[in-house]
Amino acid sequence: MAENVTVVVGTQWGDEGKGKLVDLLSSQADLCMRFQGGGNAGHTVVNDHGTFKLHLVPCGVFNPECLCIMGTGTVIDPAALLQEIAELEQQGVAAKNVLVSDRAHVVMPYHKLLDQVEDEARGAYRVGTTGRGIGPAYTDKVARIGLRIGDLLYENVLREKLSTILRRHNTVLTTYGQQPFDLEQLVAEAREWGEQLRSRIVDTLPITRAALRDGKRIMLEGQLSAMKDIDWGSYPFVTSSSPTAAGAAAGSGIPPRRLDQIIGVAKAYSTQVGTGPMPSELHDAQGEFLRNHGGEFGATTGRPRRVGWFDAVVTRYVCEINGCTGLALTKLDVLDSLSEIPVCVAYRYKGERIEDLPDTIIHEQCEPIYEVLPGWQSNTSELRSISDLPNNARAYLDRLAELVQTPLHSVGVGPHRHQTLLAQ
């Protein structure tokens, strides 16, 4: 039976290179859908069209035959989406196939302000949010007071809902010393977004049902990772959605049993933006080398990423949560010049060895236990086959796949499409 539905998820803390892989795989796809999250994503794509950092639009947009959908599980800043579409079109990328689920929720201006002031108020438990309003938008969704994309088409619905919402949020904002939002201004703004997006707002279920029935190739594009999952991540240092294969089924409306391939993406080392446990984090010259050589600065925030050696405990945990069928390793070339490469294979906590991921409180106190593997000290960026890699590079890949108990799917040796080497 053909494997027509592929899910791509992160297996570290986000920023693993999912955008690059989705861009490659969706070049052969019929439908590409974002199923959770919003403008806090930063998917970097380098292809024949140029270099792009996509925050909302699915990476399948570069294939003119691929239908791109912002799914029901996403939260969308309409102004940011319209701007991103306009920028793509200015660069010669046709975005006529970008659609938005009418059930997706809207990120409003008050969400972004709440995101910033509330995160600041958390003190020691500050998440390090992107400030894009994602958490507050999901909070409104769960509280059953959120605006959905379909609401943007109806002024009476907007006015009624916003009247209720603003009473709550303006009260909170004024306690933080912020100015309240004006109802009429927000209604007018939202109506304008609705008119500009009208032709793109659809019920996505008939589309996905037809694609499944007709055997179309479907790509479900995740952002972040289960380490940032609201349930399975390093709570409270998490996002407000489920960036997992289970979240893909819920956010896309595609039944779980129809998910054929689940590809987990990981860098050949570790990075994280924001706060939370990271036992293999480096604070020395080696960390600076990885950060600078790997260009480890957030695509959404521009903040320097925290860097460390590959953490097999984390990636194995995430692969198990997702049921990954393949492991896609990226940025192997960043390690090309190193003579030795440590890999975190377990933790030490109060003198005891731990091989399974503990909860956040314990995880924060864990020390890494390393296995040191030999480097290959040769350039891999020009190679076009895994079999052409140096012996030590292949041994490194084999060991990582063994540690995370997931077969190798592909290896990245540079930012371009052709620098992804597929396993046979």
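Remarks
- With respect to (1) in contact with a strand residue (DSSP E or B) (Cβ under 8 Å, 6 or more places away or on another chain); (2) surrounded by fewer than 17 Cβ atoms within 10 Å (Cβ to Cβ), the lone exception for residue 219 is condition (2).
- Filter result for residue 65 (more than 16 Å from the chain's Cα centre (by Cα), in a loop (DSSP other than H, G, I, E, B) and closer than 26 Å to residue 86 by Cβ): yes
- Tally, over segment 400-424, of residues that are assigned to a loop (DSSP other than H, G, I, E, B) and farther than 19 Å from residue 7 by Cβ: 4
- Taken together, the criteria place residue 53 among residues that are more than 20 Å from residue 149 (Cβ to Cβ) and among the basic types (Lys, Arg).
- Counted residues, segment 331-357 - those being farther than 26 Å from residue 18 by Cβ and not hydroxyl-bearing (Ser, Thr, Tyr): 9
- Helices (runs of 4 or more DSSP H) completely within segment 72-160 that count 3 or more residues being under 20 Å from residue 200 (Cβ atoms): 78-90
- Within segment 286-307, the only residue that satisfies the criterion of being part of a strand (DSSP E or B) and either in contact (Cβ under 8 Å) with a residue 60 or more places away in the chain or aliphatic (A, V, I, L, M) (or both) is 307.
- Flag for residue 334 being hydrophobic (A, V, I, L, M, F, W, C), crowded, with 19+ Cβ neighbours inside 10 Å and over 17 Å from residue 403 (Cβ atoms): yes
Residue-by-condition table, conditions (1) touching a helix residue (DSSP H, G or I) at 6+ places or on another chain (Cβ under 7 Å); (2) among the hydroxyl-bearing types (Ser, Thr, Tyr); (3) modelled with pLDDT of 95 or more; (4) surrounded by 15 or more Cβ atoms within 10 Å (Cβ to Cβ):
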position: 137; (1), (2), (3), (4): yes, no, yes, yes
position: 151; (1), (2), (3), (4): yes, no, yes, yes
position: 228; (1), (2), (3), (4): no, no, yes, yes
position: 235; (1), (2), (3), (4): yes, yes, yes, no
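- Residue that is nearest to residue 396 (Cα to Cα), among those in segment 260-273 that are buried (at least 23 other Cβ atoms within 10 Å of the Cβ) and of a type outside the set (Val, Ile, Thr): 268
- Any hit, segment 76-96, residues being surrounded by 17 or more Cβ atoms within 10 Å (Cβ to Cβ), under 30 Å from residue 308 (Cβ atoms), modelled with pLDDT of 95 or more and among the charged types (D, E, K, R): no
- Condition met for residue 129 (in contact (Cβ under 8 Å) with a residue 60 or more places away in the chain, within 16 Å of residue 40 (Cβ to Cβ), surrounded by 18 or more Cβ atoms within 10 Å (Cβ to Cβ) and among the hydroxyl-bearing types (Ser, Thr, Tyr)): yes
- Filter pass, residue 144 being on the phi > 0 side of the Ramachandran plot and charged (D, E, K, R): yes
Condition check ((1) surrounded by fewer than 18 Cβ atoms within 10 Å (Cβ to Cβ); (2) of a type in the set (Lys, Arg); (3) modelled with pLDDT of 95 or more) across all residues:
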| site | (1), (2), (3) |
| --- | --- |
| 387 | yes, no, yes |
| 391 | yes, no, yes |
| 394 | yes, yes, yes |
| 404 | no, no, yes |
| 407 | yes, no, yes |
| 411 | no, no, yes |
| 416 | yes, no, no |
| 419 | no, no, yes |
| 422 | yes, no, yes |
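- Looking across segment 196-230, not a single residue is touching a residue at least 12 places away in the same chain (Cβ under 8 Å) and over 28 Å from the mean Cα position of the chain (by Cα).
- Pair list, Cβ < 8 Å and 6+ apart or interchain, from segment 165-189 residues that are surrounded by 16 or more Cβ atoms within 10 Å (Cβ to Cβ) to residues that are basic (Lys, Arg): 183/159; 187/159
- Enumeration of residues in segment 341-393 that are aromatic (Phe, Trp, Tyr) and farther than 30 Å from residue 421 by Cβ: 347, 349
- Within the option set 397, 327, being within 28 Å of the chain's Cα centre (by Cα), among the hydrophobic types (A, V, I, L, M, F, W, C), closer than 22 Å to residue 22 by Cβ and in a strand (DSSP E or B) holds for one residue only, 327.
The values are calculated or read from the model by the stated rules, or taken from the named source; none is laboratory data. Just so you know, these numbers come straight off a predicted model, no measurement behind them. All Cβ positions, glycine included, derive from the backbone under ideal geometry; neighbour counts span all protein chains shown.
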